[in-house]
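The values are calculated or read from the model by the stated rules, or taken from the named source; none is laboratory data. Computed from a prediction, not measured in an experiment: that's the story for all the values here. In this analysis, Cβ positions are derived from the backbone assuming ideal geometry, glycine residues included, and neighbour counts consider all displayed protein chains.
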Amino acid sequence: MWSIVHKMGSPPWFYRFANGAIAWLLPIVLLALIVGCIWGLLIAPPDYRQGNSYRIIFIHVPAAVVALAGYYVMATAGLMSLVWKIKMADTAMRALAPVGAALTFVALVTGSIWGKPTWGAWWVWDARITSMLILLFLYLGVMALAEAFDNKVAAAKACAVLSLVGTVNIPIIYKSVDWWYSLHQPASIKFTGESAIDASMLYPLLLMIVAFYGLFALTVLLRMRAELLITYRQSAWLRSELS
Amino acid sequence: MYFQTWAAVWQMDGHGPYVWGAYSLTLLVIIALVAIPLVRARNLTQEIRNDERRRAVAAEASGENHASKT
């Protein structure tokens with residue numbers, strides 16, 4: 001276990017790992033996204049109450065799920081950077097924040113578009129939606145802090161503290177539809193018990209969730225690789241790697 | 001396929017603009033997420049390789065100078 005953490009903390013090892021993983025992930029993720037979209041848009045039946053507008057679920061839910069999970073990944077990287085001063089954890093944090101922000105943005109905007117025909121409003125100050133907006137601001141805050149310091153060590157510390165404090169928001173988002181009287185529908189997929197969604201809609205949704213997790217991993221690795229190319233452009237290991 | 005015609009796919013019983021709008025916007029974000037760091041990495045690798053080549057040429061030239069002096 002510790003040897004893996006040790007290896008992942010080494011920039012040359014991680015650079016090689018990222019190159020290999022990207023080559024695999026890129027075609028798989030693109031294929032999964034295309035199949036999932038065709039399935040959700042054309043093959044799945046319409047919802048008996050919402051009609052065809054519900055098809056937005058196949059991008060809205062995956063984006064939201066991965067945006068939330070990604071925040072935990074970022075906070076974990078922040079903790080590792082804070083406690084063990086691992087430079088790769090800092091690189092990971094810098095790469096994770098914009099990807100998380102983009103996914104949160106997608107979840108919010110697609111939710112807003114879905115809200116118009118379903119609730120009759122683009123936006124409501126509802127518990128679920130407002131806590132998601134706070135998530136977007138947390139991601140943007142980490143992005144801003146990462147650029148706000150000349151000193152990279154100070155920047156990493158500030159980002160780590162903010163991302164750790166922000167984890168308070170995640171269970172609030174998860175539970176918001178249960179705790180408050182909300183316009184937002186409760187979860188359709190449950191870890192325990194029967195899901196409140198038919199198999200003909202569940203399978204494409206699960207495929208899209210897996211595809212979005214893959215997209216998340218792919219884009220974070222792409223960003224980390226680009227960051228390594230800048231940071232270590234003068235290093236002998238990177239130059240021998242590229243020659 | 002659920003729909004009978006391509007026009008029905010486009011209209012989605014009146015929900016077409018919402019559904020296709022949401023999907024197009026997501027597509028744009030995905031393209032940006034993947035393409036920006038991909039292009040950036042390619043440019044950086046190219047830059048580092050060019051730099052390395054220049055250094056090799058410079059090192060060779062200085063080596064020749066050194067040889068001619070002795």
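A few notes on this one:
- A single entry from A:Leu136, A:Leu164, A:Leu145 fulfils the requirement of being modelled with pLDDT of 90 or more, assigned to a helix (DSSP H, G or I), under 17 Å from A:Ala95 (Cα atoms) and under 15 Å from the mean Cα position of the chain (by Cα): A:Leu136.
- Failed condition for A:Tyr139, given (1) among the aromatic types (Phe, Trp, Tyr); (2) away from every other protein chain (no Cβ under 14 Å); (3) within 30 Å of A:Phe14 (Cα to Cα): (2)
- From the options A:Met8, A:Met93, residue that is more than 9 Å from chain B (Cβ to nearest Cβ), of a type outside the set (Phe, Trp, Tyr) and surrounded by 22 or more Cβ atoms within 10 Å (Cβ to Cβ): A:Met93
- Residue under evaluation B:Gln46, criteria (1) surrounded by 12 or more Cβ atoms within 10 Å (Cβ to Cβ); (2) more than 7 Å from chain A (Cβ to nearest Cβ); (3) under 15 Å from the mean Cα position of the chain (by Cα); (4) polar (S, T, N, Q), criterion not met: (1)
- Count of residues meeting criterion [within 30 Å of B:Pro17 (Cα to Cα), among the small types (Gly, Ala, Ser) and touching a residue at least 40 places away in the same chain (Cβ under 8 Å)] in the stretch A:116-171: 2
- Cβ-Cβ under 9 Å pairs, at least 6 apart or on other chains, the stretch B:10-22 side more than 7 Å from chain A (Cβ to nearest Cβ), far side of a type in the set (S, T, N, Q) and crowded, with 19+ Cβ neighbours inside 10 Å: B:Gln11/A:Asn52; B:Gly14/A:Asn52; B:Gly14/A:Ser53; B:Gly16/A:Asn52
- A:Arg233 fulfils the conditions (1) more than 14 Å from chain B (Cβ to nearest Cβ); (2) outside any helix (DSSP H, G or I); (3) of a type in the set (D, E, K, R) except for a single criterion, (1).
- Filter result (surrounded by fewer than 17 Cβ atoms within 10 Å (Cβ to Cβ) and either charged (D, E, K, R) or touching a residue at least 40 places away in the same chain (Cβ under 8 Å) (or both)) within the stretch A:218-234: A:Thr231, A:Arg233
- Hey, A:Leu183 touching a residue at least 60 places away in the same chain (Cβ under 8 Å) and not in a helix (DSSP H, G or I) or not: yes
- Here B:Asp51 does not fit the description of being among the acidic types (Asp, Glu) and at the interface with chain A (Cβ under 7 Å from one of its Cβ atoms).
- Yes/no for A:Ser195 being of a type outside the set (Val, Ile, Thr), outside any helix (DSSP H, G or I) and touching a Leu at 6+ places or on another chain (Cβ under 7 Å): yes
- Taken over the stretch A:130-161, the criterion of being surrounded by fewer than 18 Cβ atoms within 10 Å (Cβ to Cβ) and β-branched (Val, Ile, Thr) is satisfied by A:Thr130, A:Ile134, A:Val153, A:Val161.
- The set of residues in the stretch A:180-202 that are surrounded by 12 or more Cβ atoms within 10 Å (Cβ to Cβ) and not polar (S, T, N, Q) comprises A:Trp180, A:Leu183, A:His184, A:Ala187, A:Ile189, A:Ala196, A:Ile197, A:Asp198, A:Met201, A:Leu202.
- The stretch A:16-50 - residue that is surrounded by fewer than 16 Cβ atoms within 10 Å (Cβ to Cβ), within 11 Å of chain B (Cβ to nearest Cβ) and not aliphatic (A, V, I, L, M) and, of those, farthest from B:Pro37 (Cα to Cα): A:Pro45
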